[in-house]
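A.B. asks: I have a structure I would like to understand better, so I am pasting it below and will then ask my questions one at a time.
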Amino acid sequence: MRDHLNKRCMSRREMLGLCRNAFGGVALLGLLNSLPFGRKLWASGADAAELMTPKTPHFRPRAKHIIFLYMDGGISQVDAFDPKPRLNKEHGENPFEKFEVDPTQFNNYGRIMKSHWDFKQHGDSGMWMSELFPHLSTCVDDIAMINSMVSDFPEHTNANYFLHTGIGIQGRPSMGAWVTYGLGSENENLPGYVVLDGGLIPPGGLDNFKNGFLPAGYQASVLKAQKAPVANIRPQEAADSLQTAKLDHIRQMDQNVLVRLGQADEIEATIANYELAYRMQSAVPELTEFKDESKTTMNLYGIYSEDVHTQSYGAQCLLARRLVERGVRFIELTCPKVEADRWDQHSNLKDGHFKNAHAVDQPIAGLIKDLKQRGLLDDTLIVFAGEFGRTPFAQGSDGRDHNPSAFSIWLAGAGIKGGTVYGKTDEYGYRVVENKTTIHDLHATMLFLMGIDHERHTYRFSGRDIRLTDVHGQVIKGILA
Amino acid sequence: MSKVARALIWFVLPASVIVVCMMAWQGANQSSKSVGKSEVDFNYHIRPILSQNCFTCHGPDSSSREGDLRLDRLEDATALLRDGGRAIIPGDSRNSVLVSRIESDDPNHVMPPPAAKKTLTPRQIEQLRQWIDDGAEWKPHWAFIPPGKPKLPAGIRKKPLAKQIDFLINDALEKRDLRPVPSTSKPRFVRRVAYLLTGLPPSPADLEDFLTEDSKDFAKRVVDHYLASPHFGERWARHWMDLMRYADTMGHEFDFPISGSWHYRDYLIRAFNADVPYNQLVREHLAGDLLESPRRHPEENFNESVLGTGFFFLGEGKHSPVSTREEEMIRIDNAIDVISKSFVALTVSCARCHDHKFDNIPTTDFYAMYGMLESTRITPRPARDYEQHDKVLARVGRIKGQIEASLLPEAKRTDQASTSLIKQIAFNKEVSDTAFQLLGDFRSGDVGEWTFMDAAFKAYGVKEQLLIGRNSVEVPSLGLVSSRGLSPGVFGAFRSADFVVQHDSILVRAAGNTGTIRLIVNNFQVIRAPLYEGMEQVVTDSSWQEYRLDTHLVKGQKAYLEILPGRYFEHEYRLKSNDYIEIDIAVAYSNRGPRLQPRPEPTVYAKETLPASISGLVTSYDSLASALHDSTYFLGLDEGTPINSPVFIRGNPAMLSEEAIPHRFLTALSENFPNFPQNGSGRLAWADAVVDPANSLTSRVIVNRIWHLLFGRGIVETVDNFGLQGKLPTHPELLDLLAVTFVEQGWSIKELARQIALSETFRRSTVANESTVERDPDNDYLHHFPIRRLEGEAIRDGILAVSGRLDSTMFGKPVEIYLTPFMSGRGRPPVSGPLNGNGRRSIYMSIRRNFLPPFMLTFDMPVPFNTFGKRNTTTVPAQSLTLMNDPFVHQQAEYWANRSIASADSQALAARINQFYLSAFSRRATNPELEKDMSFIRSQAMAQGVPLEDIGRSASIWKDFCHILFNRKEFIYLL
């Protein structure tokens, strides 16, 4: 490891030398997005030994990329993935007579409510799924369903921070930041951690995607599916040649500083950064141009759907695949803004859940199939999760309130045993009765599949070696291939 | 060798690192090749080994202790072990079990066990062995040993602190045979001082003044000039805000505002500018509401001290938590974290669930503090308190006395009805039933355990005092508590003691317009739907009505009732000039409420019916009293009901220890602070303990922060953690010298900054000496001045200063954040702020937790959730993209260029370029630079078809040129 690091270090000097040609003329190695070198440049005050501790990866990774499909607001497990016939039988009865009811976010307890959707078994595995997800139902043999998820928080914001950062308060590094901190990125022109903003930024805001106390370079770059997908990515100059001329002049003048100082790594790194920034200017917009995608592919993702939300989520999913192809480590998709808001149906669940499902179902199925046919699913872990589930009894007459005591998520792709159903809830889908699985377990598993031991993957902050999984978490062995 | 490769050497040769630290401590001049006998120091070598490798299972935390062995205390480490033998036998390493277990080959026997994934180096084992053989001398952790002045040669001792600093720094360099570099040039020095003290570049005019006046006192003049600048406070307040996780909103789902947050920011700016002694500043933060003689604003005479408590509520906050108890725990935990890290650089929050794993901080320390903060209430407070009007108050009091003297005797003569009524209800017949819980009955004029805060509220007995209004004088028929005793629009709060909610509802009889009745459950302030809308009632009827609070969700919780004139609008407290409220009874009940006797009508004297002498008094009373109206508020602290908190076992608020922890100071320092008071919250006593010179941490922590801010690195690098997990000081004697002198010199931040800035060490060039770099690669010994990148705020403010767009207006409401399309989510302000922030300095931009300024974040502004005494300095492409493409940067380049073109002077190309350089880099262009720049400009003119003679007037060419200067590394680095 030490030899390896040493080589990386020595080659950097040479590279900086190479950079002194005309702007954009020379390919850079993944200077600042790759480790260990980027880490040294980024980390101020981090102790040398800590920086050099071999962390990457701890063991053979099964996944190189993660696509995190965030289901904002809390999808109802009993309407989507976890069938509960007893709800049909006891529809309209008083939940307080059936089981102990926890305090809820809205304190507006209605009656036990059956699902609006029928469940059927699908695929070779016979996994149950409701008719909310007709397309996804055709992929059940690729996915592992966990019906026994629990969260610590019944409020969106804390539950979101918990899901994204492993702790229920603001300011901690997001899971994507932890992954890139550990592994860097494979692409020198793109950030390692990307959030595709579908229209809904989750409660808790952009802090769900931040670097927390990790160096700023690990925060997510938020991309929108538009012409200038990232902030400040478009040159303001009228012509490219003008910008290039300016940058050339800047670099030429900056050389004076280097000559005077003799040695100034910080400044050299900043100069090198302009190269990278320049290249990102063209690499990033190219991402969102689907010129080279076939009609069949576009169709697979639902980009020609009549539902504009299916179209836009389809574009996000396709963009996610393109990011995977370009070596981006961690990609999160946020939900499209359908008329019924996020999955948070405190009322009018039938309409809201249908619209949300319709927007994401075909694109997600398309993504799985497309990755699979291109051989990318072997390297890519897909995680589909919300921050909590919903109650089996109604809120008011036709909604459901938050339920952190049981919900369903699923994973697919690299290292995952398709067709698995893991964990059980009680007959109402209200509480977990078997294989209780925490957010920490989910994080431990995601890191594990990326080749990272969650217990050893730490960062010193506030006098402690802090982990994504705090002091908890166990890899969910039961869903691994 | 690159820095990375140098770092590698550190990794490969950890022993040399240890030697370097050790030499710093002992000041010994020894070769770094081997560790000699006398060189092993417990604090600098041995405890770090034990702490890193052993304390997790053999440290202070009893819950995770293995084998009944603890190695953090001598008497335990040398005690007889369960299995025989002793871990440490002083003088005999061979028979010390500690050593044999570490050296064991047996995986079941070896320590640390393989599962811990930790191994000691041979060097470390050798040091342990040697230390034991030398007698195993134990010392308290260095930070708990009181600082003492180092022994300095007599000639040095008498010199100013700056010289003493240089002596110690140079001594350390010399002992390592490291050669310091010479001083930097005068212009660079001016730039360094200007930026580090004020966060702005020197103006070309100031620069010229400093450079042309040939004087021995050059450095002094520069340093004193910038210390005296009002911009000093703006920069240093921002540093302090990093510690206090300053923000203007609460984050969470809707990002509600923190009422009046910016008053605290303005307070800081004034305090740093006025050089308020640091011990005073600390006391104001922790107990500014409790000081006997608060510090007052020199001109406006308002209470400054109380504004310090505004830091407390600046954290995150959520609405509608399902458990307010847990929400309180999160808030208090955060406050303890912020307080302990900021003031004493200890991580007390680590002891929330268990005893601290490394430091001597038992979990009871955390809950002692917890109880103190639980005994503290959050309250709106006027940012300009009424006492500034003390003369008015005196006059108002006199006039009131005169009116009372003429009206009261007559009022008392009439009507006996209410007198008999008071007798009847004083027995509380209506509410004596056990179905009721009487929370307060003020109809006799007695308030029991309820408390008044500030001026507005007073209890009025029957016909004892008058309520003087604008057009009438009222004699209450029955006792009541009213906020309009002085005048409507005056602020105050009237609160019950804590009680446990036992019923479904609370009835409060009240009158007023506008006033608020709130039930504060577990100190929870963000009252709204869903869940908590029933905890607040707004009173808008000047006739008496019964108001009902719905409390069924919070039964069993601790709470208090709060009565305020005015009201909250989306969590911002406002008080209008006519607002008032009065109440006479509060009762909790579950099924049916009490039937209260209606209040008899008060005797009202209309002003026009009064004799002219009295009505004249009423008129002058009113015109005087209405001037007392306070209009601007912040959320500060007040005393609540004293609470001793039990320990939450494993941090779980549902699992409580039987014993409650009395208020006290930190165990590690408590010897000096016995007899901690148990009345009240104890905040003032805690604050006094923090700033007591017997406290070994506080002075060291603040001088280290000042050093860190000036040099970019602390003498203790981990500025927020002086515990065992923090770094050791590189210059322990210097740290102590600064700490002791700082206290001697009256805790003056400016004076210390001044002395440091006047030192030769501070004046060194950034150009390192290559051969010295090899031996001190991280510049631990300051043989040169570190190259520093400016913070986001300084970069943005610098751009504005250079472009000429800077608006130096100080203080006031934050300028709304400029919203890019990438900043979306709930709570997004409906309207974006201006791109250029109205030209105001960055400290005046709003800090919305869910919409933090991208420019600042990109340049490493910390996310405001916890104490950040040391910012990261990262290098990421987003920074380049910002300077290359951000519309703000382009806008300012254009502004700068146009201003220059419009100005009469510097029309010649070279002269203009030099002007630009002076503004941007505080120096003139060199000849080669001039040539290159001119050739760039000419080639651009050619490319754009601008005739050479028109270059001087070409807005686009000069805009591009100015933009280039913003992108030069020299612009964002102090070189």
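Bear in mind that the values in this text are calculations on the coordinates, not laboratory data. These numbers were taken from a predicted model, which means no experiment stands behind them. FYI the Cβ positions are ideal-geometry reconstructions off the backbone, even for glycines, and counts take in every protein chain you see.
A.B. asks: Hey, can you grab everything whose amide H is under 5 Å from the amide H of B:Ser96? Only 5+ residues off in sequence or another chain; H modelled, so Pro and N-termini drop out.
C.D. replies: The answer is B:Ile89.
A.B. asks: Another one. For the range A:104-130, list residues with backbone N below 20 Å from a point placed 7 Å from the Cα of B:Ala529 toward its Cβ?
C.D. replies: A:104-111
A.B. asks: When the label point is put 7 Å from the Cα of A:Asn107 along its Cα-to-beta-carbon vector, which residues of the range B:523-557 have a backbone N closer than 12 Å?
C.D. replies: B:528-536, B:549-557
A.B. asks: Right, something else. So between B:Glu601 and B:Glu213, what do we pick up on full extension, going 0.36 nm a residue minus the alpha carbon distance?
C.D. replies: That works out to 131.7 nm of additional length.
A.B. asks: Please work out whether the protein assembly as shown counts as rounded, prolate or oblate from its C-alpha gyration tensor, where a ≥ b ≥ c are the square roots of the eigenvalues and a/c under 1.5 means rounded, while otherwise a/b larger than b/c means prolate and anything else oblate?
C.D. replies: Cα axes put the protein assembly as shown in the rounded bin.
A.B. asks: How do A:329-335, A:460-466 rank on mean C-beta neighbours within 10 Å, highest first? Display every interim value, and only then the final one.
C.D. replies: Working: A:329-335: 26.4, A:460-466: 17.9.
The densest-packed peptide leads the list: A:329-335, A:460-466.
A.B. asks: If each of A:Ala283 and B:Thr632 carries a label point 7 Å out from its Cα toward its Cβ, how far apart are those two points in nm?
C.D. replies: 4.9 nm
A.B. asks: For peptide B:817-825, how many partner chain Cβ atoms fall within 10 Å of a residue's Cβ, on average?
C.D. replies: Average per residue, whole number: 5.
A.B. asks: Still on this model: Positive end of the dipole of the protein assembly as shown, charges at C-beta (+1 Lys, Arg; -1 Asp, Glu), about the Cα centre: which of B:Pro180, B:Ser880, A:Asn189 has its Cα farthest in that direction?
C.D. replies: The Cα lying farthest towards the positive end belongs to B:Pro180.
A.B. asks: Right, another one. Tell me, how many Å apart are the Cα centres for the range B:792-864 and for the range A:449-478?
C.D. replies: What the calculation gives is 35 Å, centre to centre.
A.B. asks: Quick one: if the Förster radius is 41 Å, what FRET efficiency do A:Phe96 and B:Asn652 give, using the C-beta to C-beta distance and rounding to 0.05?
C.D. replies: Working from the Cβ atoms, E equals 0.95.
A.B. asks: In nm, to one decimal, how far is the modelled label at A:Leu258 from the one at A:Asp379, with both set 7 Å along Cα→Cβ?
C.D. replies: 3.2 nm
A.B. asks: For the pair B:Ile156 and B:Ala902, what calculated FRET efficiency results from E = 1/(1 + (r/R0)^6), where r is the Cβ-Cβ distance and R0 = 51 Å, to the nearest 0.05?
C.D. replies: 0.40
A.B. asks: Oh, and also: By how many nm would the segment from B:Arg775 to B:Gln402 grow when fully extended, if each residue of separation counts as 0.36 nm and the alpha-carbon distance is taken off?
C.D. replies: Length gained between B:Arg775 and B:Gln402: 125.9 nm.
A.B. asks: Taking amide H positions as placed in the peptide plane 1.01 Å from N, state which residues far from A:Ala394 in sequence (5 or more) or on other chains have amide H under 5 Å from it.
C.D. replies: A:Gly110, A:Arg111, A:Ile112, A:Met113
A.B. asks: When DSSP beta bridges are limited to those with both residues in chain B, what percentage is antiparallel, rounded to the nearest 5?
C.D. replies: Given both bridge residues lie in chain B, the antiparallel proportion sits at roughly 95 percent.
A.B. asks: Per-residue HN-Hα couplings for the range A:80-94, Karplus 6.51 cos²θ - 1.76 cosθ + 1.60 at θ = phi - 60°, whole Hz, x for Gly and Pro?
C.D. replies: 3J(HN,Hα) across the range A:80-94, in whole Hz: 10, 10, 10, x, 9, x, 4, 5, 5, 5, 9, 3, x, 8, 7.
A.B. asks: Tabulate in residue order the Karplus-calculated ³J(HN,Hα) for the range A:115-120, using 6.51 cos²θ - 1.76 cosθ + 1.60 with θ = phi - 60°, rounded to whole Hz; enter x for Gly and Pro.
C.D. replies: These are the phi-based 3J(HN,Hα) values: 6, 7, 10, 7, 9, 9 Hz.
A.B. asks: Additional query: Rounded, prolate or oblate: which fits the range B:446-519, taking a ≥ b ≥ c as square roots of the Cα gyration tensor eigenvalues, rounded meaning a/c under 1.5, else prolate when a/b beats b/c?
C.D. replies: In terms of gyration-tensor shape, prolate.
A.B. asks: Starting from the Cα of A:Lys417, step 7 Å toward the Cβ, then list every residue of the range A:462-481 with an amide N under 16 Å from that point.
C.D. replies: Within reach of a label on A:Lys417: A:475-481.
A.B. asks: So what is the calculated 222 nm ellipticity per residue for chain B, using -39500 (n - 2.57) for each DSSP H run with n of 4 or more, over all residues, to the nearest 500 deg cm²/dmol?
C.D. replies: Details: 33 runs with 368 residues, N = 975.
Mean residue ellipticity, 222 nm, calculated: -11500 deg cm²/dmol.
A.B. asks: To continue, here is another question. Count, for each residue of A:246-255, the Cβ atoms from other chains sitting within 10 Å of its Cβ, then give me the mean as a whole number.
C.D. replies: 6
A.B. asks: Same structure, new question: To the nearest 20 debye, what is the magnitude of the charge dipole of the protein assembly as shown about its Cα centre, counting +1 on the Cβ of each Lys and Arg and -1 on the Cβ of each Asp and Glu? Show your work: numbers first, answer last.
C.D. replies: Numbers: 164 positive and 175 negative charges, 521 e Å.
Magnitude of the dipole: close to 2500 debye.
A.B. asks: Which whole number gives the average, over all residues in A:463-475, of C-beta atoms from other chains lying within 10 Å of the residue C-beta?
C.D. replies: That average works out to 2.
A.B. asks: Sorted by packing (mean other beta-carbon atoms within 10 Å per residue), highest first, where do A:419-432, A:257-270, B:603-616 land? If you can, show how the numbers build up before the last one.
C.D. replies: Details: A:419-432: 20.4, A:257-270: 17.6, B:603-616: 13.9.
Order by mean packing, descending: A:419-432, A:257-270, B:603-616.
A.B. asks: Run lengths n ≥ 4 of DSSP H only: what is the helix-derived mean residue ellipticity at 222 nm for chain A, with -39500 (n - 2.57) per run over all residues, to the nearest 500?
C.D. replies: On the way: 13 runs with 161 residues, N = 481.
Computed mean residue ellipticity for chain A: -10500 deg cm²/dmol.
A.B. asks: Amide H neighbours of B:Tyr633 under 5 Å, counting only residues 5+ apart in sequence or on other chains, H built in-plane at 1.01 Å?
C.D. replies: B:Ala383
A.B. asks: What distance in nm lies between label points placed 7 Å from Cα along the C-beta direction at A:Thr458 and B:Glu66?
C.D. replies: 1.4 nm
A.B. asks: Could you tell me the center-to-center distance, by alpha carbons, between the range B:514-584 and the range A:113-154 in angstrom?
C.D. replies: 46 Å
A.B. asks: Hey, with R₀ at 25 Å, roughly what FRET efficiency would B:Val538 and B:Asn471 work out to, going by the Cβ-Cβ distance, to 0.05?
C.D. replies: 0.55
A.B. asks: To continue, here is another question. Please work out how much length the chain gains when fully extended from B:Phe569 to B:Ser203, using 0.36 nm per residue of separation minus the C-alpha to C-alpha distance, in nm with one decimal.
C.D. replies: Between B:Phe569 and B:Ser203, full extension yields an extra 127.4 nm.
A.B. asks: Now, a different point. Which whole-Hz couplings ³J(HN,Hα) result when phi for each residue of the range B:934-943 is put into the Karplus expression 6.51 cos²θ - 1.76 cosθ + 1.60, θ = phi - 60°, listed in order with x for Gly and Pro?
C.D. replies: Taking θ as phi minus 60°, the curve returns 5, 5, 4, 4, 5, 5, 5, 4, 4, 4 Hz for the range B:934-943.
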